[in-house]
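Accompanying notes for the structure given below.
Just so it is clear, none of the values below were taken in a lab; they were calculated from the coordinates. Remember, predicted model here, so these are calculated numbers, not experimental data. Reconstructed Cβ throughout: ideal geometry from the backbone, glycine too, with neighbour counts over all protein chains shown.
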Amino acid sequence: MMSESQRQSPRKLTIGEVFKHDDPVGHWMFSVTALAEDLMVGVKPSQQAQADGDLRAMLFWHRHTVSRLYEANRLVHPVTSNAEIGEFVGGLLERAPGGANLIEAYRRPTPGGASPIEQMYGSLRHLTVHYSKIGEKELSQTLENYAYLPAQATIGQNTSGTPEMTFGWVQGVRSMEVFGEITDGFLERLHSDGEVIASLTASWLMVVPVALALYCRARGIDLSELIDATGWTAPAS
């Protein structure tokens, strides 16, 4: 016989029950939650880095977020190319909570052109995808381009008191690659890019719970068995 606690506890679902291996919509739903996980992990530390004025952390989380947003193109393309996924998603990406049109953000203006997110990612791709190959042109060109920047390492302590060494030349090069020269319009450009990134991130993060609720209803999945909300407290009205 089941105990009282077992009767009161909701049944725990398995991945196989929620996301069928041969269900295209299930594939999309699993993937969009993976995107949300990757974006959410950077929200708090990114905000903290800005509050602390920590350039190294700001650069890292900026690159992390832009690269994840760029990879989200794999979630947008099936909405317009797969009839079953397109029917399920409907206008959710075009009229996303948060204000962004997630279809337009990834739409190329011409066959050979770049979408807004591709343009933003373009200057970061070699810093977000891979380290430059030793002895080849890419790294040689980078070192030549920024040969005039200061080179200094710093030894200090992190917040837990552990010794930490930072390398200013890496921060310098990455800062230049990400943000460019600090010339007229630099702050305006930085602010504009930040607003776009924040809007896209917020919109994706708000799309996911809505899509998940629709998905569970369409697949006959009990949300109370899928979601553990015991650690959540509703905000005071």
Nearest-0.05 FRET efficiency for D193 and W169, computed from C-beta distance (R0 30 Å): 0.80
Nearest-0.05 FRET efficiency for V210 and R107, computed from C-beta distance (R0 30 Å): 0.90
Given 12 as the ceiling on other Cβ atoms within 10 Å, longest exposed-site-free region of the chain for trypsin sites (Lys or Arg not before Pro) in DSSP loops: 13-132
Normalised contact order of the chain, rounded percent, pairs of Cα under 8 Å and 6 or more residues apart: 23
FRET efficiency, Y131 to D228 (Cβ-Cβ, R0 35 Å, nearest 0.05): 0.35
With eigenvalues of the C-alpha gyration tensor scaled by 5 and rooted, the chain, Å: 39, 25, 17
Highest average packing first - 144-153, 27-36, Cβ atoms within 10 Å: 27-36, 144-153
Nearby lysines by direct alpha-carbon distance to K20 (threshold 23 angstrom, same-chain neighbours under 8 apart not counted): K12
Point-to-point label distance, T14-A153, nm (Cα→Cβ direction, 7 Å offset): 5.1
Spin-label pair E94/S140, simplified geometry with 7 Å Cα→Cβ offset, distance in nm: 5.0
Signed unit charges on C-beta, dipole axis of the chain, positive-most listed residue T201, T230, N73: T230
Contact order relative to length of region 1-101, as percent, for alpha carbon pairs under 8 angstrom and 6 or more apart: 21
Length added when fully stretched, N73-H21, from 0.36 nm per residue minus Cα-Cα: 16.6 nm
